[in-house]
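The values are calculated or read from the model by the stated rules, or taken from the named source; none is laboratory data. Everything numeric here is computed off the predicted structure, so don't read it as measured data. Note: ideal-geometry Cβ built from the backbone for every residue, glycine included; neighbour counts use all protein chains shown.
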Amino acid sequence: MSGMGLLRRSGSSAATDTAAAATNSARKAAQRGRPLTAARAKRMIGVGRAVAPLLAPYALAAAGAARARYDAYRAARLGVEPGQLAAYAGPGGALHARLSRIAEALTELEAGGQGRTTDGATAYASTTRPRLTDLAVGVRAAEQMPTARRRIAYRAIGAELDRIEIDLLNRLGITA
């Protein structure tokens, strides 16, 4: 055999190999996580000063794009345009968005798409609008309540909105 390290060493080879492996791993760990010295700190600060102005515009653009995507996601969840998102902020924002969408649907029902306005639709819209106004006041009042009471109030308002939406769909001829 050649001298390529395949020969067995003499002496207690297991203990020697274990000690050498421990020394090597400690040396590698010390190299990877070198202690922070004053010279290394100064060098890192210098690199940061040189690189930060180059990366800052990209970081700001990425942050702006991420914010725009998040706003679009939130607006889609509420069913509003991203520009209207600020109007529906806060704990009652989702309910306010539902209320405004129902009010828009009532306006369209009254207008009677394609000239199909009926007295029943107009009467339904005129009786439902005051209820929507009362529910909007309830949402605003619930925003000032403690969390547990606010959740109960929001659940009740949401259930009432569910009933109004189902009735509206039935009047449009859509069975839910």
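Observations on the structure shown:
Condition check ((1) exposed (fewer than 11 other Cβ atoms within 10 Å of the Cβ); (2) modelled with pLDDT of 95 or more) across all residues:
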position	(1), (2)
109	no, no
147	yes, no
154	no, yes
159	yes, yes
167	no, no
172	no, no
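For (1) part of a helix (DSSP H, G or I); (2) of a type outside the set (A, V, I, L, M, F, W, C); (3) in the same structural domain as residue 105 (by TED's automatic domain parsing); (4) in contact with a helix residue (DSSP H, G or I) (Cβ under 7 Å, 6 or more places away or on another chain), each residue gets a yes or a no:
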| position | (1), (2), (3), (4) |
| --- | --- |
| 47 | yes, no, no, no |
| 51 | yes, no, no, no |
| 54 | yes, no, no, no |
| 57 | yes, yes, no, no |
| 63 | yes, no, no, no |
| 72 | yes, no, no, yes |
| 83 | yes, yes, no, no |
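- Number of positions in the stretch 64-86 that are surrounded by fewer than 17 Cβ atoms within 10 Å (Cβ to Cβ) and under 22 Å from residue 151 (Cβ atoms): 3
- Checking residue 91 against (1) within 20 Å of residue 161 (Cα to Cα); (2) touching a Lys or Arg at 6+ places or on another chain (Cβ under 8 Å); (3) assigned to a helix (DSSP H, G or I), the condition it does not meet: (3)
- Qualifying residue in the stretch 101-114 (condition: at positive phi and either in contact with a Ser or Thr (Cβ under 9 Å, 6 or more places away or on another chain) or outside the structural domain of residue 69 (by TED's automatic domain parsing) (or both)): yes
- Of all the numbered requirements in (1) over 30 Å from residue 97 (Cβ atoms); (2) at pLDDT below 90, residue 79 misses one, and that requirement is (1).
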